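Report on the following structure.
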Amino acid sequence: MNIILLGPPGAGKGTQAKRLEESKKLIQLSTGDMLREAVANGTEYGKKAKDIMEAGGLVSDDIVLSIVSERLDQDDIKGGFILDGIPRNVAQAETLDTMLAEKNLPLDAVVELVVDDEALVERITGRYTCAKCGQGYHDKFEQPAREGVCDKCGSTEFKRRADDNAETVRSRLKVYHEQTEPLVGYYGSKGILKKVDGMADIDDVTSQIGEALA
Ligand code: AP5
Ligand code: MG
């Protein structure tokens with residue numbers, strides 16, 4: 001099964017993608033994670049992306065599409081994948097359609113996580129991840145069972161994203177409404193869009209996604 005998780009910054013795309021990796025054995029392809037890795041490694045793409053990401057803008061379509069295209073050529077995605085963070089505008093969606101058709105990787109569904117803007121700022125500013133395995137947490141909504149220790153790998157080091165501050169979040173939300181939200185209509189007209197109430201608690205959203213994909 002090949003799906004897209006669509007939704008604004010902080011909607012829960014990464015959280016739910018990780019759960020789908022476990023439950024459905026799909027591979028998460030997060031363009032944000034790939035770009036952050038490129039920035040951390042100081043690659044050519046990373047150097048171009050760094051300032052744009054920290055300001056909450058969109059990295060160029062060419063860069064993200066070529067990173068994703070290379071990733072889709074690897075064998076591990078043949079059992080199914082979740083696109084998290086791409087497409088981000090109609091131009092990316094159109095190129096992605098052509099790319100997926102050429103690679104014979106048809107999309108089964110686009111799941112939209114619908115969340116109010118006010119909730120997103122709180123979610124993003126409280127977010128942190130395990131520095132070792134990347135497991136996601138939240139100061140208020142998703143804490144590790146033992147304080148300061150990752151549930152998944154036992155690490156005691158955690159990190160926060162450079163773009164997770166209130167000012168950058170506002171820019172990211174503006175970009176979402178102007179450029180990414182039109183994709184709801186784009187995929188709706190193709191008949192593959194499934195809407196999920198992303199305001200519900202994390203387990204509830206997981207169940208709704210399970211039902212939408214059944
Ligand atoms: P990206 O990494 O994709 O960030 P984003 O879209 O802004 O989304 P987030 O990762 O912030 O949120 P999420 O939906 O994954 O939420 P999460 O599950 O973590 O992109 C970053 C940047 O990279 C972009 O700004 C851009 O510059 C660049 N970029 C990436 N892709 C690009 C592309 N295709 N083209 C151009 N540029 C691109 O959840 C958030 C928090 O809320 C967590 O702490 C979680 O525990 C909590 N939470 C989750 N669900 C719930 C719930 N139901 N109730 C309560 N809390 C919840
Ligand atoms: Mg994410």
Practice problem: State the number of residues belonging to the stretch 1-38 that are hydrophobic (A, V, I, L, M, F, W, C), away from ligand 1 (no atom under 13 Å from the Cβ) and free of Cβ contacts under 8 Å to residues at least 60 places away in the same chain. | Solution: 2
Quiz item: Tally time: how many residues in the stretch 1-54 are touching a strand residue (DSSP E or B) at 6+ places or on another chain (Cβ under 9 Å) and either in a strand (DSSP E or B) or farther than 22 Å from VAL121 by Cα (or both)?
Solution: 14
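Quick grid of which residues meet (1) exposed (fewer than 15 other Cβ atoms within 10 Å of the Cβ); (2) in contact with a Gly (Cβ under 9 Å, 6 or more places away or on another chain); (3) in a loop (DSSP other than H, G, I, E, B):
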position: LEU83; (1), (2), (3): no, no, no
position: ARG88; (1), (2), (3): no, no, yes
position: ALA91; (1), (2), (3): yes, no, no
position: GLU112; (1), (2), (3): no, yes, no
position: LEU120; (1), (2), (3): no, yes, no
position: ALA145; (1), (2), (3): yes, no, yes
position: GLY148; (1), (2), (3): yes, no, yes
position: ARG161; (1), (2), (3): no, yes, yes
Exercise. Sort out which residues of the stretch 55-71 are away from ligand 2 (no atom under 16 Å from the Cβ), closer than 25 Å to ASN165 by Cβ and part of a helix (DSSP H, G or I), and write them in order of number.
Key: ALA55, ILE63
Quiz item: Does VAL114 satisfy the criteria of being at pLDDT 95 or above, within 18 Å of GLY198 (Cβ to Cβ) and among the aliphatic types (A, V, I, L, M)?
Solution: yes
Quiz item: Would you call ILE77 within 7 Å of ligand 1 (Cβ to nearest atom) and aliphatic (A, V, I, L, M)?
Solution: no
Practice problem: May I ask you to list the residues in the stretch 97-136 that are touching a helix residue (DSSP H, G or I) at 6+ places or on another chain (Cβ under 7 Å), of a type in the set (A, V, I, L, M) and either touching a residue at least 40 places away in the same chain (Cβ under 8 Å) or closer than 30 Å to ASP203 by Cα (or both)? | Solution: LEU105, LEU107, ALA109, VAL110, VAL111, LEU113, LEU120, VAL121, ILE124
Self-check item: Residue count, the stretch 111-138 (criterion: in contact with an Asp or Glu (Cβ under 8 Å, 6 or more places away or on another chain) and aliphatic (A, V, I, L, M))
Solution: 3
Quiz item: When the stretch 122-143 is examined, which residues are found to be part of a loop (DSSP other than H, G, I, E, B) and either of a type in the set (A, V, I, L, M, F, W, C) or out of contact with any strand residue (DSSP E or B) (no Cβ under 8 Å at 6 or more places or on another chain) (or both)?
Solution: ALA131, LYS132, CYS133, GLY134, LYS140, PHE141
Quiz item: Among the numbered criteria (1) in contact with a strand residue (DSSP E or B) (Cβ under 6 Å, 6 or more places away or on another chain); (2) at pLDDT 95 or above; (3) of a type in the set (Val, Ile, Thr), which single criterion is violated by ILE63?
Solution: (1)
Practice problem: Working carefully through the options ASN89, ASN104, ASN41, find the one that is of a type in the set (S, T, N, Q), more than 16 Å from ligand 2 (Cβ to nearest atom) and on the phi > 0 side of the Ramachandran plot. | Solution: ASN104
Quiz item: Restricting attention to the stretch 80-104, and to residues there that are over 16 Å from LYS25 (Cβ atoms) and small (Gly, Ala, Ser), which single residue is nearest to ligand 1 (Cβ to nearest atom)?
Solution: GLY85
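The values are calculated or read from the model by the stated rules, or taken from the named source; none is laboratory data. Predicted model, so just to flag it, every value in this text is computed and none were measured. We place every Cβ from the backbone using ideal geometry, glycine too, and count neighbours over all the protein chains shown.
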